[in-house]
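The values are calculated or read from the model by the stated rules, or taken from the named source; none is laboratory data. It should be emphasised that the depicted structure is a prediction, and the values quoted were computed from it without experimental measurement. When we count neighbours, we look across all protein chains shown, and the Cβ atoms used for this are built from the backbone with ideal geometry, even at glycine. Accessible surface is based on the protein model in full, side chains and every heavy atom, while ligands, DNA and RNA are left aside. Shrake-Rupley method; radii C 1.70, N 1.55, O 1.52, S 1.80 Å.
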Amino acid sequence: YAGACATIDFAIGKCAANHGDIIFVKAGHTETVTTVGAITCDVTGISIIGLGSGADRPTITFGSTDNSASITITAASVTIENIVGTTTDDGLSNPFNITANDCWLDIEWRDASAAVEAARAVQATTISNLFVKLRYVGFITGNACVNAINLVAVTGARIIIDAYGEFSTGVVEMVTTASTDVRVEGTFYNDNVALTKNVVNTGGLAC
């Protein structure tokens, strides 16, 4: 399919699995996501590439009354690049929610204000071979952000992060079920506690 689509989710529905299909998101494009999986990446091997730079990059605004608005990645080998996420929902739980293997994200997250923040930008659960490059722009006077990236039972993750804000538990946190072979690099400023809440393994897990 070659043509213009109004939404990213509609464009995903036009893709075929494992054909190397690419969705180019026009510079200046904006979308609002208000429900769980309003954009669902359920076609294996697709790439969603934002065009433009700086303020012209495609921006997705997540807003809901129950903190659940999300992009869900349920198919393997999905790539998302050059997309900016933000929120109108204080405490937004899992805007980029990954449950499939071999995915690649290169994105930016911008909290709206110190009073309107996500709990995190990226959630990854029970997957392998994850790559995330994330710039997280937060606020040091906020109180809703828990972590920038949350990992549950992830095997083989490579994370590059540039984070600024108030992360109450950690910039990158491994929880619930052990994650293994996780490498994190980058630069973080966490206003909460200097070096004890950067990369954190909670719950006594053998990560």
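Ignoring ligands, DNA and RNA, what accessible area per residue does the chain give at 1.4 Å, in Å²? Write out the running numbers ahead of the final one.
Details: 8960 Å² over 207 residues.
On a per-residue basis, 43 Å².
Give me the percent of the accessible area of the stretch 6-98 that comes from carbon and sulfur atoms, probe 1.4 Å, all protein chains in place.
Here carbon and sulfur together make up 50 percent of the probe-accessible area.
Express the carbon and sulfur contribution to the solvent-accessible surface of the stretch 117-191 as a percent, rounded to the nearest whole number, probe 1.4 angstrom.
Within the stretch 117-191, the accessible surface is 50 percent carbon and sulfur.
Using the Cα centre of the chain as the reference point, and only Cβ charges (+1 on K/R, -1 on D/E), how large is the resulting charge dipole? Debye, rounded to the nearest 20.
It works out to roughly 260 debye.
Suppose only helical runs count, i.e. DSSP H with n ≥ 4. What mean residue ellipticity at 222 nm does that imply for the chain under -39500 (n - 2.57) per run, divided by all residues and rounded to the nearest 500 deg cm²/dmol?
-500 deg cm²/dmol
Straight-line reach from K26: which aspartates and glutamates fall under 12 Å, measuring Cα to Cα and dropping same-chain residues less than 8 apart?
The reachable aspartates and glutamates, counting only those whose Cα sits under 12 Å from K26, are D56.
Starting from 0.36 nm per residue, how many nanometres of slack lie between S53 and A27 once their C-alpha separation is accounted for?
On the way: separation 26, 0.36 × 26 = 9.36 nm, distance 0.77 nm.
Residue separation times 0.36 nm, minus the Cα-Cα distance, leaves 8.6 nm.
Considering amide H positions built from the backbone, and no H for Pro or chain starts, which residues 5 or more places from V154, or on another chain, come under 5 Å of its amide H?
Counting only residues 5 or more places away or on other chains, the set is T126, I127, S179, T180.
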